[in-house]
Amino acid sequence: MKDILDFKRILLTDKYEVLQFPSYGDEIGYIVIEDMFRQQTKEEFESFLGIVDNSFEAADNFILVKVGVIRDLEENEQENINRLIDRLLGYLPDNYYFVDYQHIDSVIEFTENDVENLTMDEVMQKMVKQLNLLFRCDIQLSDPRTFNHLIQR
């Protein structure tokens, strides 16, 4: 069985990191990590967990993790994803992160026409547009040529 921790980073900006992950050779989803650059509110904490907590203390930073999958995950797949997220974020000294699993209707795809007729910059902009639609986020790129860099701008 292929380990779901076999992922590809497809985007890294100051605010977002996007990972694509396969299972059994098929692309099945994405992890979108959004750094909120602020503390989590008590209301957010309670709505995410569905509980009232009178002893709530906000961490210095709040990170929202959206996991979008095109099919139901097997138990071990979800455990592997959770373990990966904890490895990526669990070492940060004073943060709270919330993981939200959601179903997505499709994966990001490019047609043969896209590959043949669009520049690499246009393909990357199309990918970002699709990510924003799938995950209701606001990834912004001022310079798509930075896809060849470790961090995109």
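The values are calculated or read from the model by the stated rules, or taken from the named source; none is laboratory data. Model, not experiment: these values are computed from the prediction. Backbone-built Cβ (ideal geometry, glycine too); neighbour counts: all protein chains shown. Side chains included, ligands, DNA and RNA excluded: accessible areas come from the protein's heavy atoms. Shrake-Rupley method; radii C 1.70, N 1.55, O 1.52, S 1.80 Å.
Worth pointing out:
- Criterion (of a type in the set (A, V, I, L, M, F, W, C), at negative phi and open to solvent by less than 30 Å² (accessible area, probe 1.4 Å)) met by exactly one of Leu89, Leu133, Leu118: Leu89
- Counted residues, the range 59-71 - those being farther than 16 Å from Gln20 by Cα and not polar (S, T, N, Q): 5
- Residues in the range 94-111 that are part of a strand (DSSP E or B) and of a type in the set (A, V, I, L, M, F, W, C) were compared, and the one that is farthest from Glu57 (Cα to Cα) is Val99.
- Scanning the range 11-24 for residues that are modelled with pLDDT under 90 and open to solvent by less than 40 Å² (accessible area, probe 1.4 Å) yields Phe21, Pro22, Ser23.
- Restricting Ile31, Ile4 to residues that are at pLDDT 95 or above, surrounded by 13 or more Cβ atoms within 10 Å (Cβ to Cβ) and more than 17 Å from Asn95 (Cα to Cα) narrows the list to Ile31.
- Counting the residues of the range 112-146 that are at pLDDT 85 or above, of a type in the set (D, E, K, R) and part of a helix (DSSP H, G or I) gives 4.
- Here Ile63, Ile104, Ile70 are screened, and the one residue that is open to solvent by 30 Å² or more (accessible area, probe 1.4 Å) and either under 19 Å from Arg9 (Cα atoms) or in contact (Cβ under 8 Å) with a residue 40 or more places away in the chain (or both) is Ile70.
- If you filter the range 73-93 down to residues that are charged (D, E, K, R) and modelled with pLDDT of 90 or more, you find that the one that is nearest to Asn61 (Cα to Cα) is Asp86.
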